[in-house]
Structure formats: structure tokens, C-alpha cells
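Worksheet: one structure, shown below.
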Amino acid sequence: MSVQPIIAAICCCLISMWVTLPVCAQDVEGGKQGRLFPPERIEELDEPREWQKAEQIMEFLDIEEGYVVADIGTGTGYFALYFADRVGESGLVYAEDIQPEMVEYTREKINDLGLTNVKVVLGKPDDPGLPENSLDLVMMANVYHEVDDPVALLKSIARSLKEDGRLIIIDWRIGRGDDIGPPLPDRVPRDAVEADAEETGYYTVRHHPFLYNHYFLIFKKKPT
Ligand SMILES: C[S@@+](CC[C@H](N)C(=O)[O-])C[C@H]1O[C@@H](n2cnc3c(N)ncnc32)[C@H](O)[C@@H]1O
């Protein structure tokens with residue numbers, strides 16, 4: 001049997017590990033974390049996304065002027081800008097991320113746009129560091145599959161949500177958008193998200209099924 005195909009396969013494997021490892025494990029405050037969206041590809045997050053249906057998402061969320069909203073894992077502030085428009089001058093948007101490159105990029109963008117109702121925040125993987133009992137709405141869009149310890153993060157978020165506040169989780173369905181979304185092994189099924197939420201004191205208010213690639217879940221805190 002020829003050993004050439006085996007050597008070629010080993011070489012391919014080593015090269016692909018070399019290419020993927022540096023972008024999959026990032027140093028963030030609180031430890032090294034896998035699966036994070038690589039800052040080298042930051043501009044992809046600003047590309048138009050017809051499939052995201054952001055305007056339609058905003059319609060369903062029915063955001064009022066004066067709301068205080070947190071966009072957890074804001075990336076380049078894609079959703080934070082929609083929120084800023086909706087909450088108006090009397091509201092506030094926290095645009096939070098754990099990767100300093102994302103935070104710097106978003107801060108510059110917000111400054112350039114002259115938005116005074118967006119505060120850009122560098123958080124920790126299991127604690128965004130937002131004020132207690134202050135948020136009307138928290139959004140995690142395209143983030144959950146990157147979170148190392150979702151239960152710890154959901155507990156921190158619960159402390160910052162007002163009693164009647166809503167937590168929105170939008171993430172990639174399994175078996176859809178394979179060419180544009182994260183790799184299949186990274187994806188978190190909807191029922192696993194709901195189980196984490198249940199464990200950390202939330203209940204599901206509803207699921208909006210209109211996004212083809214994503215589940216769109218709304219949670220509230222169980223009454224204490
Ligand atoms: C794929 S990007 C999505 C960004 C943005 N939400 C969007 O839809 O364009 C995921 C972002 O989540 C951030 N992230 C991952 N884990 C996080 C955590 N535990 N807390 C806050 N942000 C996190 C990453 O740094 C990255 O910027």
C-alpha cells in the first residue's frame with residue numbers, strides 16, 4: 001500500500017489546524033475562549049444581511065422610547081444601531097462585547113455617528129457588568145453558540161434585567177444556513193437554550209418562527 005495518501009492526509013490535517021487554531025481561541029479578560037468570531041473578519045459583521053430581517057425583528061419587539069436595552073455580544077454594533085434608533089434620546093443602549101477589538105471598532109463607529117444614547121462596554125465572558133435591575137430588554141443575537149458558560153452569563157443578565165424585562169435569544173438553527181452560519185458542531189439547539197434559561201430562572205414567553213436560519217426566543221424572569 002502506498003504511504004503517499006496517508007502522508008498527504010496528515011499534512012492537510014496539520015495545515016488546517018494551523019490555519020484554524022489561532023482564530024478559534026482568543027484571549028479575553030477572564031480566560032482564553034474558543035469559538036469566538038475572529039476579529040480578523042470583523043468587517044463581515046457589517047455586510048448587509050437580508051436574511052437577518054432586522055427591521056422585522058424590531059417590529060416584533062415593540063421597543064418603546066426611553067427603554068434601556070443591552071446588546072450582548074454586539075460585535076460591530078449591528079443591532080445596537082437599530083435599538084438606538086428605537087429608544088430615542090431618552091433611552092439608552094449598552095453595546096457590550098468581550099473582545100477588545102469589537103469594542104474599539106464599535107466605539108469608533110458610535111463616535112463617528114455622533115450617537116449619544118449608546119454606551120459601548122467591554123464585559124467579561126460570564127458577566128457583562130451592567131447595572132442591576134436596570135434593563136427593559138436584553139438581546140443576544142448570533143452570540144449564544146460562542147458563549148463558553150451560558151448558565152453563568154444568563155444568571156448575570158437576570159440580575160440586570162428589570163422584573164418585567166425581556167431576554168431575546170436569536171441563534172442559528174441546526175440544518176439551515178450552513179453556508180453562512182457557524183459550523184454545525186458549534187451550534188446550540190433551541191431546546192438546549194430553553195433548558196439553560198429554565199435552569200437560570202426564566203420562562204419562555206414565545207418563539208417567533210419567521211426567521212428561516214434562526215430561532216427567535218423571548219424569555220422573562222420567573223416571578224420571585
Ligand atoms: C458572530 S458575532 C455577532 C455579533 C452581533 N451580535 C451581530 O449579530 O452582528 C458574536 C459576538 O459575540 C461575542 N461574544 C461571544 N461570547 C460572548 C460573551 N460571553 N459575552 C459577550 N459577548 C460574547 C463575540 O466576541 C462576537 O463579537
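A few points about this structure:
- Members of the stretch 38-81 found to be among the acidic types (Asp, Glu) and either outside any loop (DSSP other than H, G, I, E, B) or under 20 Å from Asn213 (Cα atoms) (or both), listed by number: Glu40, Glu43, Glu44, Asp46, Glu47, Glu50, Glu55, Glu59, Asp71
- Scanning the stretch 128-138 for residues being in contact with a Ser or Thr (Cβ under 9 Å, 6 or more places away or on another chain) and touching a residue at least 40 places away in the same chain (Cβ under 8 Å) gives a total of 5.
- Selection of strands (runs of 3 or more DSSP E) fully inside the stretch 121-224 by the criterion of at least 3 residues being away from the ligand (no atom under 16 Å from the Cβ) and in contact with a Phe, Trp or Tyr (Cβ under 9 Å, 6 or more places away or on another chain) returns 202-208, 214-221.
- A single member of Tyr105, Tyr144, Tyr82, Tyr94 is hydroxyl-bearing (Ser, Thr, Tyr) and over 25 Å from Glu163 (Cα atoms), and it is Tyr105.
- Index of the failed condition, Ile218 passing every other in (1) crowded, with 17+ Cβ neighbours inside 10 Å; (2) farther than 20 Å from Pro125 by Cα; (3) out of contact with any strand residue (DSSP E or B) (no Cβ under 6 Å at 6 or more places or on another chain): (3)
- Within the stretch 73-87, considering residues that are closer than 10 Å to Val118 by Cα and small (Gly, Ala, Ser), the one farthest from the ligand (Cβ to nearest atom): Ala84
- Once the stretch 47-72 is narrowed to residues that are within 15 Å of the ligand (Cβ to nearest atom) and among the β-branched types (Val, Ile, Thr), the residue that is farthest from Ser134 (Cα to Cα) is Ile57.
- Selection from the stretch 95-116 of residues that are touching a residue at least 40 places away in the same chain (Cβ under 8 Å) and within 18 Å of Val138 (Cα to Cα): Ile98
All of the numbers you see were taken from the coordinates with simple rules; none came from a lab. For clarity, every value in this text was computed on a predicted model and none was experimentally measured. Here Cβ is always computed from backbone atoms with ideal geometry, including for glycine, and neighbour counts include all displayed protein chains.
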